[in-house]
Amino acid sequence: MPCEIVVGGFFGDEGKGKIISYLASRDKPVIVARAGVGTNAGHTVVVNGKPFKLRQIPSGFTYEKARLLIGPGVLINPEIFFKEVEETNCKDRIGIDYQCGVIEKKHIEEDRGSSHLHGKIGSTGSGCGPANAERVLRKLKLAKDLPELQPYLTDVSLEINEAIDRGDTVLVEGTQGTYLSLYHGTYPFVTSKDVCAAAACSDVGIGPTKVDDVIIVFKAYVTRVGAGPLEGELSEEEAKKRGWLEIATVTGRKRRSAPFNFKLAKRAVMLNGATQIAITKIDIVFPDARGVSNYDELPVEAKNFIEKVEKETGIPVTLIGTGPGINEIIDRRNEK
Ligand code: GTP
Ligand code: IMP
Ligand code: MG
């Protein structure tokens, strides 16, 4: 498929990083482009047992031939950007758009010092909210204003559109999740912009007619960090008992958890125009699913769950995560 977009279906942390790195190795995209808000996101990718926690670099860095791009809708924190460029050794293939907004120290201080953002909303304290607010006021510095970013600057939308027009494969990675969207989420307990598939297109500069597939990622249960409603929320004790208690990548906070929510899933499929579903962490809910790579070998309860997801949402579950490693996955394309 020439252009595929990956988005989160719940409140972020669905495991998009792992799904994206799998798709990058399977589909061999010429470009992997990062969309989304900025350094508030943390994607975890485990390569040969080594975990990478990425807040800026596209998770598809694991496919070594891909050009890595960051779209103009994404905020850059130069310090985090350079640290990750080094860690992933991608200096020669990463590009950021001239018009990426820049997060400065003052934005981080404002975010962390705000009783509204950090206190009430439970923001990540990464400065994204204050930086996007300044961008709306048209005062924010852009990547092109910073000498240290000059070697990396490029026209991201032009590169991507030319690749799509040539028939090359492009993978666009969204961050956060549908219900953290400023427009479609649980306002005011949301992030500082829309994060659905249409916004991901806009972040990297492609029109909706250029997209072939929208893959929505759901975890087999729901988690949420920060404040805001969470239907069916479990006590910390119950979450621990079930093995659902997670620690957030960016902030180190405990993630709240609840059972899979079919109503939210159905609506998220609608809001994103999703064509396929990826379900992660099926092995946490059904331990016998750990490491399984063939659908037929899943425990019957897990198959029933997958079938129910397909029935309720009306679209196919094409990928099923059975462990954190890139290749711990069932790819149902292999069935045919
Ligand atoms: P955001 O952009 O912040 O929403 O991040 P994300 O969606 O990439 O998810 P994040 O990396 O924050 O959290 C997912 C966690 O689940 C990571 O630790 C992954 O390694 C792990 N993970 C992903 N898929 C699976 C899976 O199928 N099984 C298991 N056991 N772990 C998984
Ligand atoms: P902000 O985006 O840092 O302003 O945070 C606003 C809300 O979105 C808070 O509840 C955060 O916990 C949540 N949030 C932002 N980015 C992510 C993410 O990548 N994963 C999970 N939650 C996030
Ligand atoms: Mg995350």
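Computed from the coordinates by the stated procedures, all read-outs in this text should not be read as laboratory data. Small disclaimer: the values here were computed from a predicted structure and weren't measured. Virtual Cβ from ideal backbone geometry, glycine too; neighbours counted across all protein chains shown.
Points to keep in mind about this one:
- Spin-label model, residue 136/residue 270: points 7 Å from Cα along the beta carbon direction are separated by 2.6 nm.
- Here the chain carries DSSP beta bridges of which approximately 30% are antiparallel, counting only pairs with both residues inside.
- Residues whose amide H comes within less than 5 Å of that of residue 46, counting only those at least five positions distant or on another chain, are 52, 326 (H built at 1.01 Å from N in the peptide plane).
- Dipole magnitude (debye, nearest 20) for the stretch 3-331, charges at Cβ of Lys, Arg, Asp, Glu: 760
- As an equivalent ellipsoid, the stretch 3-331 spans semi-axes of 29, 24, 18 angstrom, where each value is the square root of five times an eigenvalue of the C-alpha gyration tensor, largest first.
- With 10 Å bins beginning at zero, the pair-distance distribution over Cα atoms of the stretch 186-336 amounts to 10, 35, 38, 16, 1 %.
- Residues residue 233 and residue 310, FRET efficiency given R0 of 22 Å [Cβ-Cβ distance, rounded to 0.05]: 0.30
- Dipole moment magnitude, nearest 20 debye, the stretch 192-318 about Cα centre, only Lys, Arg, Asp, Glu C-beta charged: 440
- Packing rank of 130-138, 47-55, 11-19, where each peptide gets the mean count of other beta carbons within 10 Å, highest leading: 11-19, 130-138, 47-55
- Fraction of alpha-carbon pairs over 16 Å apart in the stretch 192-252 - percent: 63
- Here residue 28 and residue 87 are evaluated by their C-beta separation; at R0 = 22 Å the FRET efficiency comes out at 0.45.
- Short-range pairs are left out: with C-alpha atoms under 8 Å and at least six residues apart, the relative contact order of the chain is 22 percent.
- If the segment from residue 182 to residue 327 were pulled out straight at 0.36 nm per residue, it would be longer than the present Cα-Cα gap by 48.8 nm.
- Protection proxy ranking, peptides 268-274, 172-178, 182-188, average beta carbon neighbours within 10 Å, highest first: 172-178, 268-274, 182-188
- Gained length - residue 262 relative to residue 334, 0.36 nm times residue gap less alpha-carbon distance: 23.3 nm
- From phi via Karplus (6.51, -1.76, 1.60), per-residue ³J(HN,Hα) for the stretch 117-122 in Hz, x at Gly/Pro: 5, 7, x, 6, 7, x
- From phi via Karplus (6.51, -1.76, 1.60), per-residue ³J(HN,Hα) for the stretch 3-8 in Hz, x at Gly/Pro: 9, 10, 10, 10, 10, x
- Most positive-pole-ward Cα, 232, 147, 185, against dipole of the chain from beta carbon charges: 232
- Our estimate of slack between residue 148 and residue 254, defined as 0.36 nm per intervening residue step minus the Cα-Cα distance, is 34.6 nm.
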